[in-house]
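The values are calculated or read from the model by the stated rules, or taken from the named source; none is laboratory data. Bear in mind the structure is a predicted one, so any value in this text is a computation, not a measurement. Cβ placement follows ideal geometry from the backbone for every residue including glycine, while neighbour counts extend to all protein chains displayed.
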Amino acid sequence: MTPGGASAGPHRGPEELGDFPTANRRILTLSVWAAGIGVLGALIAAALFDLIGFFTNLFYFGRLSIAPVTDADTWGILSIGVPVVGGLIVGLMARFGSERIRGHGIPEALESILIDRSRVSPALAALKPVSSAVAIGTGGPFGAEGPIIMTGGALGSVVGQFLKITAVERKTLLVAGAAAGMAAFFNTPVAAVLLAVELLLFEWKPRSLIPVGVASITATFLGWYLVPAHGFGPLFPMVLTGTVSGATLLGAAAVGLIAGVLATVLTVSVYRCEDAFRKLPVHWMWWPAIGGVVVGIGGLISVESLGTGYGTICLLLGCTNSQLTTLGPVVEVTLIFVATLLVVKAIIWVVALASGTSGGILAPLLIIGGALGVIEAHFLPFGTAPFWALVSMSATLGGAMRAPLTGVVFAVELTHDVNALLPLLIAGLLADGFMVLALKRSILTEKIARRGVHVASESSVDPLERIPVRSVMHGSLWPVSADQTVGSVLRRTRHSEITGDGLLLLNENGAAEGFAFRRDLERYLALGGDPDAPVRSQAVPGPNATYPDEPVRLAADRMAQCDRRAIPVVDPGDPTHLLGFCTRDALFDARVRWNALERDRERLISLSPADALRRWKNRRGTRELKGTKDR
């Protein structure tokens with residue numbers, strides 16, 4: 001065997017190493033499957049919209065219809081019982097169907113990806129939309145986005161389980177289903193892809209980004225015809241923002257910081273309330289019904305706080321020509337009305353979500369943030385109330401979910417108000433920055449963190465991808481005859497000055513035959529091996545090799561594939577010429593080197609007179625030394 005062997009592959013120099021190492025033609029196959037999942041996502045979005053209308057008509061008006069509710073009348077004091085009934089039904093479904101229907105869906109999708117290799121039970125795909133429709137249709141203060149994300153993700157996972165694919169590819173299909181459901185329901189294809197990248201994929205690679213984008217595009221196109229809420233236009237059309245001034249940007253900064261505080265308070269409140277429910281002396285099956293009592297009382301105070309609240313969002317944004325404006329009462333947006341809406345919606349949403357019922361968080365965050373923005377508009381001397389409602393909505397959503405870009409693009413796609421892009425970005429980044437410094441985890445990750453699963457939300461290129469093999473390989477080799485015995489080789493090399501562990505095995509003609517490691521030979525003898533066995537018998541098997549100009553990550557992947565402690569580094573022009581070894585210890589050295597770049601602080605340019613004098617003396621000494629050598 002020659003180091004590198006025939007299967008070491010052609011030379012992969014910088015001109016052959018692509019920017020996207022994991023990209024291959026498999027993307028095309030995944031994209032085809034993702035397009036089919038996009039179709040399913042659009043159908044599920046349309047079905048969920050109809051289911052919500054069906055249960056709302058059934059429980060509040062006693063009629064069999066899927067038409068959007070346009071009547072704001074309720075049953076007065078009897079309306080308190082409707083959310084209680086809905087909570088009881090959801091609790092029973094969770095107890096005897098699937099406990100994973102509890103909550104708003106995104107943490108459950110994250111948990112499936114991180115723990116269950118992106119495997120979701122088919123039963124969840126059927127129970128989640130029904131339970132969410134029941135919860136929302138009986139007045140639950142939730143949006144449909146969390147359930148549709150979880151349902152779409154479940155469908156993508158189920159489809160992936162029928163296919164012979166890797167766990168990573170199954171994750172891509174799960175996320176494609178989640179993005180498809182969101183895109184179809186809200187007509188926000190770009191925001192759906194960004195949500196997938198910022199929250200679910202844990203990578204930014206073409207192998208996953210392209211299929212997810214295909215699913216989102218397919219679902220959005222079909223959603224134009226299947227989901228009656230938005231048609232071909234934005235879900236919340238509003239009067240476009242005019243010219244943005246410097247004062248407006250300062251106001252956006254203030255609104256963003258306040259939104260960050262609001263998002264922090266809401267996140268803490270949800271989990272404090274959840275802790276309180278855990279202390280109740282009743283089974284968790286009854287918690288949604290108990291939360292329903294609070295929801296019912298809140299509905300008596302502010303009926304606009306019940307349900308998805310899409311009509312209420314239109315009210316806050318001053319929407320024009322939207323079908324959603326007919327889904328709620330026409331009321332005057334006064335300061336008292338908005339303040340009441342803010343407080344009631346926040347309380348009933350926190351309690352209901354903590355109780356473990358089924359529903360989403362995007363729409364409630366939009367309403368709560370929008371109400372705060374309208375209140376702030378009364379104190380800001382510039383801009384309109386709908387504009388500040390939009391900015392506060394986006395910042396609150398992006399801050400609470402730790403997805404600022406999703407919040408910005410989501411707001412733009414919901415309204416088509418591109419002129420507000422810069423204020424939205426400023427507010428979103430400040431809200432996210434406040435949340436990152438104030439809380440270690442978001443409203444999405446705290447839930448699974450309590451189950452012992454840590455979620456790292458930062459994305460970056462693998463440091464091993466940026467370090468070449470030549471900078472970490474060990475070039476100290478000890479040439480030995482492959483016919484020598486193990487014992488004699490160890491005796492000869494034990495006190496050698498060569499610090500490397502690698503042994504270059506030579507045949508009778510002096511040509512490289514393979515390689516071995518001294519530590520492996522010592523372990524062999526410690527386990528009772530024959531010291532008179534030829535060292536050839538302990539040669540490292542396998543022909544894989546790496547090249548000095550390849551990234552360390554490729555060397556690590558090859559070592560992992562064949563479960564080896566090291567692989568040879570060969571000459572690109574002559575694979576039989578062994579240059580050294582890349583070991584597992586070298587991988588650790590590469591990680592240490594990269595961590596030093598992040599940890600060690602240094603000042604390369606200083607204006608200090610003392611530093612300037614020191615640099616001048618160093619340069620002068622260098623020139624004098626050079627002159628002495630020249631003479």
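The set of residues from the stretch 356-392 being polar (S, T, N, Q), buried (at least 24 other Cβ atoms within 10 Å of the Cβ) and not in a helix (DSSP H, G or I) comprises THR357, SER358.
State yes or no: is ASP73 among the acidic types (Asp, Glu), at pLDDT below 85 and closer than 30 Å to LEU163 by Cβ?
Working: among the acidic types (Asp, Glu): yes; at pLDDT below 85: yes; closer than 30 Å to LEU163 by Cβ: no.
For ASP73, the condition - among the acidic types (Asp, Glu), at pLDDT below 85 and closer than 30 Å to LEU163 by Cβ - is not met.
Right, ALA395: of a type in the set (Gly, Ala, Ser), crowded, with 24+ Cβ neighbours inside 10 Å, closer than 23 Å to LEU335 by Cβ and in contact with a strand residue (DSSP E or B) (Cβ under 7 Å, 6 or more places away or on another chain) or not? In short, no.
Out of LEU226, LEU240, LEU199, which single residue is farther than 23 Å from ALA389 by Cβ, modelled with pLDDT under 85 and out of contact with any Phe, Trp or Tyr (no Cβ under 7 Å at 6 or more places or on another chain)? Walk me through how you get there before you give the answer.
Values: LEU226 fails: modelled with pLDDT under 85; LEU240 fails: farther than 23 Å from ALA389 by Cβ.
That would be LEU199, the only listed residue that is farther than 23 Å from ALA389 by Cβ, modelled with pLDDT under 85 and out of contact with any Phe, Trp or Tyr (no Cβ under 7 Å at 6 or more places or on another chain).
Checked against the criterion of being modelled with pLDDT under 75, in a loop (DSSP other than H, G, I, E, B) and of a type in the set (Asp, Glu), the candidates GLU497, GLU513 yield just one match: GLU497.
Taking the condition buried (at least 24 other Cβ atoms within 10 Å of the Cβ) and farther than 23 Å from THR248 by Cα, does LEU353 pass? Steps first, answer last, please.
Working: buried (at least 24 other Cβ atoms within 10 Å of the Cβ): yes; farther than 23 Å from THR248 by Cα: yes.
Taking the combined requirement at face value, the residue satisfies it.
Here SER606 meets each of (1) of a type in the set (Gly, Ala, Ser); (2) modelled with pLDDT under 75; (3) over 18 Å from GLN484 (Cα atoms); (4) buried (at least 21 other Cβ atoms within 10 Å of the Cβ) with one exception, condition (4). Scanning the stretch 328-350 for residues that are of a type in the set (Val, Ile, Thr) and surrounded by fewer than 19 Cβ atoms within 10 Å (Cβ to Cβ) yields a total of 7.
Among PHE186, PHE96, which is the only one that is at pLDDT 85 or above, farther than 30 Å from LEU28 by Cβ and out of contact with any helix residue (DSSP H, G or I) (no Cβ under 6 Å at 6 or more places or on another chain)?
On the way: PHE186 fails: farther than 30 Å from LEU28 by Cβ.
Only one candidate passes the filter, namely PHE96.
Under the condition of being more than 21 Å from the chain's Cα centre (by Cα) and either surrounded by 16 or more Cβ atoms within 10 Å (Cβ to Cβ) or modelled with pLDDT under 75 (or both), the residues counted in the stretch 457-477 number 11. Residues that are under 17 Å from ASN419 (Cβ atoms) and in contact (Cβ under 8 Å) with a residue 60 or more places away in the chain within the stretch 244-265 comprise VAL244, SER245, ALA247, THR248, LEU249, GLY251, ALA252, VAL255, listed in sequence order.
Within the group ALA126, ALA176, ALA167, which residue is crowded, with 24+ Cβ neighbours inside 10 Å and of a type in the set (A, V, I, L, M)? Being crowded, with 24+ Cβ neighbours inside 10 Å and of a type in the set (A, V, I, L, M) holds for just one of ALA126, ALA176, ALA167, which is ALA176.
Taken over the stretch 273-307, the criterion of being touching a residue at least 60 places away in the same chain (Cβ under 8 Å), farther than 30 Å from GLU332 by Cα and out of contact with any Lys or Arg (no Cβ under 6 Å at 6 or more places or on another chain) is satisfied by CYS273, GLU274, ALA276, PHE277, HIS283, TRP284, TRP286, TRP287, PRO288, ALA289, ILE290.
Consider THR166 carefully, then state whether it is in the same structural domain as THR220 (by TED's automatic domain parsing), at pLDDT below 90, under 16 Å from GLY359 (Cβ atoms) and of a type in the set (Val, Ile, Thr). Against the criterion (in the same structural domain as THR220 (by TED's automatic domain parsing), at pLDDT below 90, under 16 Å from GLY359 (Cβ atoms) and of a type in the set (Val, Ile, Thr)), THR166 does not qualify.
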